[in-house]
Every structure is written in C-alpha cells, then in structure tokens.
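Note sheet for the following structure.
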Amino acid sequence: MDIVIYIYNGMTMLDAIGPYEILRNVKGANIKFVSKEKGEITADSHFIHINSKYGIHEIQKADILLIPGSTIAFVREMRDKAVLNWIKKIDTQTQRTVTVCTGSIILAATGLLQDKKATSHWKPIHLLSEFGAQPTRERIVDEGKYITAAGVSAGIDMAIYLVNQLKGEKAAKAAQLSIEYDPMPMYNSGNYLTAEKDIIELSEQIMKGDAMKDFSLWEILKNARTLLKLKNKDRR
C-alpha cells in the first residue's frame with residue numbers, strides 16, 4: 001500500500017507526523033514524504049525540519065494521499081496551480097484522499113470537494129465554502145474516498161479511522177496501541193463548540209501571532225473577500 005504524504009514549507013508538523021506514526025505501523029505500508037521540490041521542509045514553527053526525498057514530478061500515483069494543514073502556508077499551496085494539478089492527478093489513482101486541518105482547504109481548492117461535506121481547523125473552516133465544499137464541524141468527515149479531519153491532533157484519529165477502513169478493526173487497534181494513544185486531556189477545552197469564549201479568544205491570539213510570521217500570507221487570509229477575489233482571478 002503506497003502512502004504519499006504531501007509536505008510543504010510552513011506546514012504544521014503534527015498534521016503529517018501524527019498520522020505517519022499510525023500508518024507506519026500498518027503491515028505493507030510504504031510511506032513517502034513528497035514536496036513540490038525535494039529537499040528540506042521547514043515547519044510553521046520555523047524550528048523543526050523534515051527532509052523530503054521526492055518531488056511531485058517523481059510521484060505519479062498512490063493508494064493513499066494525505067495532505068496536512070498549516071497555520072497560514074495553506075494559502076500559498078491552495079493558489080499553486082502545479083500543486084493543485086498534481087493533487088488532482090494523484091487523486092485519480094487513490095483509494096482514499098485524506099486531509100488534516102487546513103489541508104482540506106488545499107484539497108477543496110482543486111474542486112474535488114465540490115458539494116461535499118468537509119471539516120477543517122475551527123478557525124478557518126468557513127473558507128471551505130468558497131470552494132464549493134460544505135463546512136461541517138465534526139472531528140472526522142467521511143465522504144466516500146475523501147476523509148477530512150479537524151485541527152492537528154484530529155489527524156491521529158483520522159489515521160486510525162482510515163486503518164480500520166482499509167485493514168480492519170484489529171489492525172486499527174494495534175496501530176493505536178503501538179503509539180499508546182489513550183487521550184485523557186487535563187481540560188475539556190479541545191472542542192470549539194464547547195470551549196469557553198475567553199479561551200477561544202486567547203487561542204485566536206496565539207494563532208494570529210503564528211500566522212503573522214508570514215505577513216504577506218496573513219494579509220491575504222485575514223480578509224475572506226480578498227481571498228475570494230484572488231481565487232477568481234487565478235481561474236481566469
């Protein structure tokens with residue numbers, strides 16, 4: 001089973017590594033990290049790096065395509081025609097195309113989620129509707145071959161869900177146990193729908209600080225109308 005994880009500068013590392021730690025424990029899994037150009041990829045923290053051994057021009061097919069999200073860099077990826085065309089090409093061969101966090105917005109920008117339900121990180125989830133998808137505040141959304149996961153940590157849950165689909169319950173449970181994934185959070189504040197207002201506001205401040213590290217992309221993201229205009233301009 002060939003699994004391709006698309007990685008890019010500015011991505012949120014756990015979006016890719018969380019699912020990887022589950023999927024690598026599945027018998028027969030052959031995982032490749034692929035970027036637009038092979039080489040070193042820097043996370044949105046600007047601290048962690050990962051080496052991509054393959055460029056998108058080297059990968060023509062996959063059984064599973066996984067697209068991670070990011071704090072702000074997804075804006076650049078969703079406007080990159082070469083990346084979007086590659087995703088669409090790989091998607092024609094996949095059994096499942098899956099995303100974590102704002103990776104769903106990148107996927108939506110290809111048009112593949114048109115009229116389909118999808119989830120994303122709670123903050124920019126509304127952007128899905130600009131590409132014809134139906135924003136749905138759930139941790140995992142299954143639309144046939146397309147599976148989208150909410151923010152960051154939800155990628156682990158999505159990977160377990162995916163393994164269950166592909167290999168069955170025992171394989172999924174074994175993969176879960178392999179990383180001792182038994183979440184018992186100290187606080188019940190990990191869900192936007194139940195989080196307190198002041199906690200949401202504090203979280204927004206933290207994310208805004210991270211996003212403004214790339215000010216040019218932040219200027220695009222902060223105004224959804226500007227984003228929509230850019231999207232329409234790109235289609236001409």
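The values are calculated or read from the model by the stated rules, or taken from the named source; none is laboratory data. Treat the numbers as computed from the prediction; the structure is a model and nothing was measured. Every residue, glycine among them, receives a Cβ derived from its backbone with ideal geometry; neighbour counts consider all protein chains shown.
Checked across the stretch 28-37, the condition of being in contact with a helix residue (DSSP H, G or I) (Cβ under 7 Å, 6 or more places away or on another chain), over 24 Å from residue 209 (Cα atoms), of a type in the set (Val, Ile, Thr) and touching a residue at least 60 places away in the same chain (Cβ under 8 Å) holds for no residue.
Here is a yes/no grid of residues against (1) in contact (Cβ under 8 Å) with a residue 60 or more places away in the chain; (2) out of contact with any Asp or Glu (no Cβ under 6 Å at 6 or more places or on another chain); (3) β-branched (Val, Ile, Thr):
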position: 42; (1), (2), (3): no, yes, yes
position: 53; (1), (2), (3): no, yes, no
position: 69; (1), (2), (3): yes, no, no
position: 76; (1), (2), (3): yes, yes, no
position: 87; (1), (2), (3): yes, yes, yes
position: 101; (1), (2), (3): yes, no, no
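Summed over the stretch 1-23, the residues that are within 20 Å of residue 104 (Cα to Cα) and part of a loop (DSSP other than H, G, I, E, B) give a count of 5. Scanning the stretch 161-174 turns up at least one residue that is touching a residue at least 24 places away in the same chain (Cβ under 8 Å), farther than 23 Å from residue 75 by Cβ and touching a helix residue (DSSP H, G or I) at 6+ places or on another chain (Cβ under 6 Å).
Answer yes if at least one residue in the stretch 76-97 is closer than 21 Å to residue 181 by Cβ and surrounded by 24 or more Cβ atoms within 10 Å (Cβ to Cβ), and no otherwise. No, every residue in the stretch 76-97 fails to be closer than 21 Å to residue 181 by Cβ and surrounded by 24 or more Cβ atoms within 10 Å (Cβ to Cβ).
The rows are residues; the columns are (1) buried (at least 24 other Cβ atoms within 10 Å of the Cβ); (2) at positive phi; (3) assigned to a strand (DSSP E or B).
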position	(1), (2), (3)
25	no, no, no
41	no, no, yes
46	no, yes, no
57	no, no, no
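Annotation note: of 112, 65, 107, the sole residue that is hydrophobic (A, V, I, L, M, F, W, C), modelled with pLDDT of 95 or more and in a strand (DSSP E or B) is 65.
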